[in-house]
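To start, the structure itself, in structure tokens.
Just so it is clear, none of the values below were taken in a lab; they were calculated from the coordinates. Only a predicted model underlies this, so the values are computations on that prediction, with no experimental measurement involved. Methodologically, a virtual Cβ is constructed for each residue, glycine included, from the backbone with ideal geometry; neighbour enumeration extends over all protein chains shown.
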Amino acid sequence: MAKKAFALRIDEQMLAQLQSWADAEFRSVNGQIEYLLHQALLQSGRLKTAKLPAEPTGNTEASADTTADTTVDTKR
């Protein structure tokens with residue numbers, strides 16, 4: 001996914017708090033803001049994540065033998 005740059009006007013005190021928080025989590029301020037926005041989108045249900053495969057039911061040994069081959073033929 002390509003990232004787009006844009007200007008953000010932010011209060012100096014808020015920026016300082018974000019900088020401290022980002023430093024504590026070894027991120028840049030930009031990375032911290034992106035992380036927080038991502039978390040907010042997930043929590044609000046506005047960002048859909050890839051669903052994890054369902055857990056196999058019944059005999060797990062039999063389920064392991066039925067996995068599909070996902071090899072892609074690129075010689076076309």
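What ranking, highest mean first, results for peptides 17-30, 36-49 when packing means the other Cβ atoms within 10 Å averaged over each residue?
Highest to lowest by the protection proxy: 17-30, 36-49.
Using 0.36 nm per residue, how much length does the chain from Ala40 to Phe26 gain when fully extended, once their Cα-Cα distance is taken away?
So the chain would gain 3.1 nm between Ala40 and Phe26.
Could you compute the net charge surrounding Tyr35? Neighbours are other residues with a C-beta less than 13 Å from the C-beta of Tyr35; K and R count +1, D and E count -1.
With Lys, Arg at +1 and Asp, Glu at -1, the neighbours total -1.
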